[in-house]
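Asks: What follows is a single structure, and I will ask about it in a moment.
The values are calculated or read from the model by the stated rules, or taken from the named source; none is laboratory data. These figures come from a predicted structure and were not determined experimentally. With ideal geometry, Cβ positions are generated from the backbone for all residues, glycine too; neighbour counts draw on all protein chains shown.
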Amino acid sequence: MKSAKVAIIMGSDSDLRVMGEAAEFLESMEVPVEVTVVSAHRTPARLFDYAMSAENRGIEVIIAGAGGAAHLPGMVAAISPLPVIGVPIKSRNSIDGWDSMLSILQMPAGVPVATVAVDGAKNAGILATQILSVADPSLRKKVKVYKEELNQQVLDKVERLDKEGWKA
């Protein structure tokens, strides 16, 4: 198996219900992934080691999901030179995901984190694929096919509605 190009990390295994969507999308694009738990608050040494070693292990993009205070994406971005995509998670201890979203969005200058919607892990997987496709024409082609499929799905729905007597 190829070494992973995208790391998907989360603060708790309970976040896998959301973060699994990123892994599923990346696997459908044949992008090697690794998935693990790295807690910013409960395992700070692991967080530091993981973020420091990611580049040398062949990781090119990190997707970090976190709920509540959601420090994981920002701390990884502070340590690693790799692009980080943050996924705010509406968790048991969050305020409808707003606290997580704002924690990930409001990064200081110099420490960017790309941020997707609350529980938007699939979009994080798509964005990671698009980032990788800049240097990989075969992956870019897969992204284009995916986007064409999205387009066709909408057109099929329009056609179905038209046949049922509803006009768009």
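Asks: Could you grab the pairs with beta carbons closer than 7 Å, sequence gap of 6+ or different chains, first residue in segment 141-162 and within 18 Å of MET29 (Cα to Cα), second one part of a helix (DSSP H, G or I) and among the small types (Gly, Ala, Ser)?
Replies: VAL143/SER133
Asks: Also: If the requirement is being within 16 Å of ASP13 (Cβ to Cβ), modelled with pLDDT of 95 or more, in contact with a Gly (Cβ under 9 Å, 6 or more places away or on another chain) and not aliphatic (A, V, I, L, M), which of these qualifies: GLY65, GLY74? Step through it out loud before you land on a result.
Replies: Numbers: GLY74 fails: within 16 Å of ASP13 (Cβ to Cβ).
None of the other options fit; the residue is GLY65.
Asks: For segment 141-152, does any single residue satisfy the condition of being over 22 Å from LEU16 (Cβ atoms), aromatic (Phe, Trp, Tyr) and either in the same structural domain as ASP15 (by TED's automatic domain parsing) or surrounded by 14 or more Cβ atoms within 10 Å (Cβ to Cβ) (or both)?
Replies: yes
Asks: GLU27 passes all but one of (1) touching a residue at least 12 places away in the same chain (Cβ under 8 Å); (2) in a helix (DSSP H, G or I); (3) not hydrophobic (A, V, I, L, M, F, W, C); which number fails?
Replies: GLU27 satisfies all of (1) touching a residue at least 12 places away in the same chain (Cβ under 8 Å); (2) in a helix (DSSP H, G or I); (3) not hydrophobic (A, V, I, L, M, F, W, C) except (1).
Asks: Out of all the residues in segment 1-28, which are more than 19 Å from ILE104 (Cβ to Cβ) and basic (Lys, Arg)?
Replies: If the condition is that a residue be more than 19 Å from ILE104 (Cβ to Cβ) and basic (Lys, Arg), then LYS2, LYS5 are the ones that fit.
Asks: Could you tell me which residue of segment 84-114 is surrounded by the most Cβ atoms within 10 Å (Cβ to Cβ), considering only residues that are in contact with a helix residue (DSSP H, G or I) (Cβ under 6 Å, 6 or more places away or on another chain) and assigned to a loop (DSSP other than H, G, I, E, B)?
Replies: At the first step, the residues of segment 84-114 found to be in contact with a helix residue (DSSP H, G or I) (Cβ under 6 Å, 6 or more places away or on another chain) are 84-89, 94, 104, 107, 111, 113.
Now narrow it down to the ones that are assigned to a loop (DSSP other than H, G, I, E, B): 94, 107, 111, 113.
Details: SER94: 20, MET107: 17, VAL111: 14, VAL113: 23.
This residue is VAL113.
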